[in-house]
Amino acid sequence: MKDFAFDLLRPELIQATGTTLWIADENALQPELGIAPRTNIIVISNRIDLTDTLSEQGWQCRFTDFDFSGYPDGSIDTLIYRISKEKPIVHHVINQAIRLLKPGGQLFIAGLKNEGIKTYLDKAKKRFDGQLQTAKSDKNTWMGILTRPDDCDTELLDDQDYAQLREIASDANYAYSSKPGVFGWNKIDKGSEFLIEQLPLFMERLKQLPNRVLDLGCGYGYLAMNCASDDCFVTATDNNATALQACQDNFTQHNINGEVIPANCAEGISERYPMVICNPPFHQGFSVVGDLTDIFCAQPAADWKMTA
């Protein structure tokens, strides 16, 4: 589907000079990018599928939880960002832009009106000491061009302490840590909880209990943790760097018998598993077009015994 907000940024990617960071998440996914890779541009993405696709095209990519700590203050000339779905991520990127950009460096940021782009631009304008120009392709699609002044507003936007994992829930088995950027990050998902409650009944139907389980779209690891045991090794996968970070932290904290690896719905995983577990995003208000749900449901059921 055509993204008019990304189209506003396309010329900036083509003509960017100096050290440039293109900050890309699921909102940057498009069938045909139509832009040749640039040697001065580094893609920072929290999606392994996007990272793999762009790397194959020749782009320099870093798969990361929007962690910019490796870049010194004032080291970047240009940042290009099509806003994310989640407010804490957008605020995090704007806050980091102030630190990363050289004086006179520019942040190009675009999005749709119903995604809050105008509010984000108003907030960013204050942080950038009023140094904002705007452009739009229609009344719903806006781009802001923010120029880094010598002195900026020091008050950070509220990013809900985006960089830090924190305990968000617990039950009789575990305490779970998560953070903004993971789907359903601040609670135990009711669908996942129901699935685990029904798991013993499912296991009773099996001739042999599985010794290995594959979790597709693990999030912060709730399903994987509750499937793992001394006799069952769990492979937890997700395409999102934030989810993988949270899941690995939970595995480490609770000594879970398993591994956490980046994979877009089992892409690149050749091993067969006696059981696959997944809670696809069949949630009201959550887009599933071209995402995990479609891919998961399209997998040959004959390959796996699965519960979902």
Enumerate by residue number the GluC sites (Glu not before Pro) in segment 85-180 meeting two conditions: DSSP loop (anything except H, G, I, E, B), and at most 15 other Cβ atoms within 10 Å of the site's Cβ. Glu155
Once a ≥ b ≥ c are taken as the square roots of the eigenvalues of the Cα gyration tensor of segment 10-68, is the result rounded (a/c under 1.5), prolate (a/b larger than b/c) or oblate (a/b not larger than b/c)? oblate
Put a dot 7 Å past each Cα toward the Cβ at Arg99 and Asn114; how far apart are the dots in nm? 3.5
Distance in nm between Arg272 and Lys85 label points, each 7 Å along Cα→Cβ, equals 3.4
A chain fully extended from Met203 to Lys187 at 0.36 nm per residue, minus the present Cα-Cα distance, gains in nm 3.2 nm
Run the quick spin-label model on Lys126 and Ser55: label points 7 Å from Cα toward the beta carbon, then report their separation in nm to one decimal. 4.0
Remind me, relative contact order of the chain in percent, using alpha carbon pairs under 8 angstrom and six or more residues apart? 13
What is the helix-to-structure angle for 117-127, meaning the angle in degrees between its Cα long axis and the longest Cα principal axis of the chain, kept from 0 to 90 and rounded to the nearest 10? 60
Pairs of alpha-carbon atoms within less than 8 angstrom and 6+ residues apart define the contacts here; what relative contact order does segment 105-240 have, in percent? 16
Rolling a 1.4 Å sphere over the protein heavy atoms, what is the accessible area per residue of the chain, to the nearest Å²? 48
Checking segment 33-88 for trypsin sites (Lys or Arg not before Pro) in a loop per DSSP with at most 16 other beta-carbon atoms within 10 Å yields Lys85
Restricting the calculation to Cα positions, tell me the Rg (one decimal) and the Dmax (whole number) of segment 72-121 in Å. 11.1, 34
Quick one: grab the alpha carbon gyration tensor of segment 1-124, order the square roots of its eigenvalues as a ≥ b ≥ c, and give me rounded if a/c is under 1.5, else prolate or oblate depending on whether a/b is larger than b/c. rounded
Too-long pairs where the Cα-Cα distance tops 32 Å, listed order kept, from Lys126/Lys190; Lys139/Lys187; Lys113/Lys179; Lys136/Lys187; Lys123/Lys190; Lys187/Lys207: Lys126/Lys190; Lys139/Lys187; Lys136/Lys187; Lys123/Lys190; Lys187/Lys207
Expressed as a percent, the accessible surface of the chain that is carbon or sulfur, using a 1.4 Å probe and the full set of protein chains, is 48
Taking segment 189-240, which trypsin sites (Lys or Arg not before Pro) meet the DSSP loop condition and have no more than 15 other C-beta atoms within 10 Å? Arg205, Lys207
Sorted largest first, the C-alpha extents of segment 144-213 along its principal axes in whole angstrom are 69, 26, 21
Using a Förster distance of 22 Å, how high is the FRET efficiency between Asp158 and Lys2, based on the Cβ-Cβ distance and rounded to 0.05? 0.10
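The values are calculated or read from the model by the stated rules, or taken from the named source; none is laboratory data. If you're wondering where the values come from, they're calculated on a predicted model, not measured in any experiment. No Cβ is skipped: glycine too gets one built from the backbone with ideal geometry, and neighbour counts run over all protein chains shown. Keep in mind that these areas ignore ligands, DNA and RNA; they rest on the heavy atoms of the full protein, side chains included. Shrake-Rupley method; radii C 1.70, N 1.55, O 1.52, S 1.80 Å.
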